[in-house]
Structures are given as C-alpha cells and as structure tokens.
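The values are calculated or read from the model by the stated rules, or taken from the named source; none is laboratory data. All values derive from a computational prediction rather than experimental measurement. Note that each Cβ is placed from the backbone with ideal geometry, even for glycine, and that neighbours are counted across all protein chains shown. Side chains are part of the model used for accessible areas, which takes the heavy atoms of the whole protein and leaves out ligands, DNA and RNA. Shrake-Rupley method; radii C 1.70, N 1.55, O 1.52, S 1.80 Å.
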Amino acid sequence: MEFKKVLILGGSGLIGTETIKKFVKNGYKVINFDLNKSNYSHKNLSYLNIDLCNFKETEKKLKLFFSQKKNKNIAAYVNTSYPYVGNWLNHNFDLLKLEDFLENSSLNFFSNIWITKLIAENFKKNKSGSIVLMNSIYGILGQNLNLYKGTKMRENLTYAITKGALSNGVRQFASFYSRYNVRINSICSGGVQGHIAGSKKKLTSTFNTNYKKLCPLGRLAYPSEIANVIYFLISKESSYITGTNLIVDGGWSAI
C-alpha cells in the first residue's frame with residue numbers, strides 16, 4: 001500500500017522542510033506538526049501548532065487529531081524535530097548541569113519515544129503504517145572530539161545519550177508493532193549542512209575542514225539527501241525493512 005498522507009513532526013526545520021517538499025512532489029498530503037509554520041507553502045500542506053515542551057497539551061492535541069474521522073486513514077509518520085531548551089551549547093562534560101540534562105533528556109524522550117508510541121497505537125488499529133525517526137551517528141557511536149579542534153564547539157552528552165536510547169527504542173518498537181504491520185525505522189545521519197544547533201551561526205570553515213578530513217566522502221550531507229532516504233523508508237519500496245537504524249553518513253562510521 002502506498003500511503004498518501006503523512007504526518008511530519010518538526011517539518012519547519014532544515015531537514016523537515018526538504019522532507020515536506022519531497023513528499024508533496026510525490027503526491028502526498030502533508031500535515032506539519034511544529035511550533036512555527038514552515039516558510040514553504042503548498043496546497044497539499046497543512047499545519048498544526050504543537051509545542052513539544054508542553055507534554056500534556058501536545059498529547060491532548062495528538063489524541064484529538066486522531067479522533068477525527070478525516071485523520072483515521074493516515075498511516076505514515078516522520079519525526080525530524082530537534083527539540084532542546086536553554087543553553088544547548090553547554091551540554092558538554094564540563095558545563096552541563098543536572099537540571100538542564102534532565103529537562104532536555106525528558107524533552108527528547110517525549111518527542112522520540114512517547115509520541116512515537118502514541119502514533120504507533122493509532123496505526124495499530126488500522127494494521128498498517130510506516131514510521132521514520134531522525135537519529136544520528138551519535139546514536140550508535142561516541143562523538144569524535146577531533147571534529148571540534150580549533151572551534152568553540154564541544155561534545156554534547158545529552159544529545160549522544162538520548163540518540164543512543166532512540167536506537168534501541170526503534171528495535172523495541174519494531175519487535176512489538178511488526179505483528180500489526182507497522183514498520184518503524186530511524187536514520188542515523190552524519191553532519192548536515194546548515195547552522196549550529198543551539199545557535200543561529202553557520203558552521204565554521206574550521207569545522208567544515210575537520211569534517212572533510214574525517215569523512216570518507218569529504219563533505220557534510222545536503223538536507224535533501226536525508227529527505228530522499230526518509231521518503232524511501234516510508235514508501236512501499238522498503239516494505240521489508242523495520243527495526244533498522246539506517247546509517248547515512250558519507251562513510252563516517254565505516255572507518
């Protein structure tokens with residue numbers, strides 16, 4: 001079955017916008033769940049305001065959404081959100097504070113684990129569905145600190161820990177929901193061209209040079225390249241793939 005409606009959480013971001021464009025181009029109707037509307041507009045794109053920091057309100061909105069008859073046949077979901085609060089740049093071993101770690105880890109677990117469970121339960125009723133979550137190479141690897149030499153960037157403990165949990169969450173979800181014909185996968189992406197998370201600044205030339213030296217393909221990914229893989233994992237072309245954390249990293253994890 002080729003699904004023609006897809007929910008995207010965090011569709012207004014860098015990868016989310018390219019993902020929306022990919023699905024719209026291929027004839028899907030897209031509902032973007034995000035705090036802000038996307039700069040991209042299309043007749044087949046609609047928007048629902050969701051603040052991931054408000055757990056109970058977000059859960060309430062999702063349950064209301066799926067209770068509506070017009071949304072009963074939706075069976076594809078993508079999470080490209082990148083939730084964080086406070087000073088995300090201080091989540092390194094030296095500066096991280098307990099309250100910041102707890103707040104941000106809870107936010108990420110809610111976004112990637114709890115919301116996925118809510119949506120998978122709705123797909124379970126129809127015995128059909130495909131889910132793709134945005135993961136990272138740091139969901140399967142420790143961070144290579146050589147990447148940050150000569151820059152003001154540091155390792156991020158919270159990011160790596162929550163992505164690691166997501167990797168096994170995907171396996172656990174697949175173990176349970178496969179019996180209901182609901183597939184769940186994630187994309188372990190390498191670095192993507194764009195701004196620094198937690199800052200409006202772009203990645204520095206030093207960071208880009210370091211990345212090129214460490215990555216076999218010699219560059220960061222384009223957002224559209226990640227969107228292409230998301231589309232593949234949602235589509236019927238990947239009908240026998242579930243429980244996989246698919247690596248899309250230009251060879252980073254191969255060496």
Would you mind getting the Kirkwood hydrodynamic radius of segment 120-255 from its Cα pairs, rounded to one decimal in Å? 16.0 Å
Quick one: length gained pulling residue 219 to residue 149 fully straight, 0.36 nm per residue minus the C-alpha distance? 23.5 nm
Hey, what did segment 116-221 get for relative contact order, percent, Cα under 8 Å, at least 6 apart? 34 percent
For segment 175-190, 3J(HN,Hα) per residue [Karplus equation, 6.51 cos²θ - 1.76 cosθ + 1.60, θ = phi - 60°, Hz, x = Gly/Pro]: 4, 8, 8, 4, 5, 9, 6, 10, 9, 9, 9, 9, 10, 8, 8, x
What helix-only [θ] at 222 nm does the chain give? Using -39500 (n - 2.57) per DSSP H run of at least 4, over all residues, to the nearest 500, the answer is -11500 deg cm²/dmol
Using alpha carbons only, how many degrees (0 to 90, rounded to 10) separate the axis of helix 55-67 from the longest principal axis of the chain? 30 degrees
Could you work out how far the C-alpha centroid of segment 1-60 sits from that of segment 105-158, in angstrom? 17 Å
Using Cα-only point scatterers and the Debye equation, what is log10 of I(q)/I(0) for segment 1-152 at each q in 0.11 Å⁻¹, rounded to two decimals? -0.49
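If packing is taken as the average number of other Cβ atoms within 10 Å across a peptide's residues, how do 126-139, 152-165 rank, most packed first?
Details: 126-139: 22.6, 152-165: 19.0.
Result, highest mean Cβ count within 10 Å first: 126-139, 152-165.
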When N is the residue count of segment 88-181, what does its C-alpha Rg come to as a fraction of 2.2 N^0.38 Å? 1.30
Counting Lys +1, Arg +1, Asp -1, Glu -1, what net charge surrounds residue 145 among other residues with beta carbon under 10 Å of its beta carbon? +1
Heavy-atom SASA rank of 235, 224 (probe 1.4 Å, accessible area, largest first): 224, 235
Below 8 Å, C-alpha to C-alpha, sequence gap of six or more: please give me the relative contact order for the chain in percent. 21 percent
Using alpha-carbon positions, the gyration tensor of the chain gives root eigenvalues a ≥ b ≥ c; with a/c under 1.5 called rounded, otherwise prolate if a/b exceeds b/c, else oblate, the class is prolate
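Please calculate how many Å² of accessible area the chain carries per residue, with a 1.4 Å probe and no DNA, RNA or ligand atoms counted.
Numbers: 12970 Å² over 255 residues.
On a per-residue basis, the chain sits at 51 Å².
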Would you mind checking which residues have amide H under 5 Å from residue 5's amide H? H placed 1.01 Å from N; only 5 or more apart, or other chain. 29, 75
Mind checking which lysines have their Cα closer than 19 Å to the Cα of residue 43? Skip sequence neighbours fewer than 8 apart in that chain. 4, 5, 21, 22, 25, 29, 70
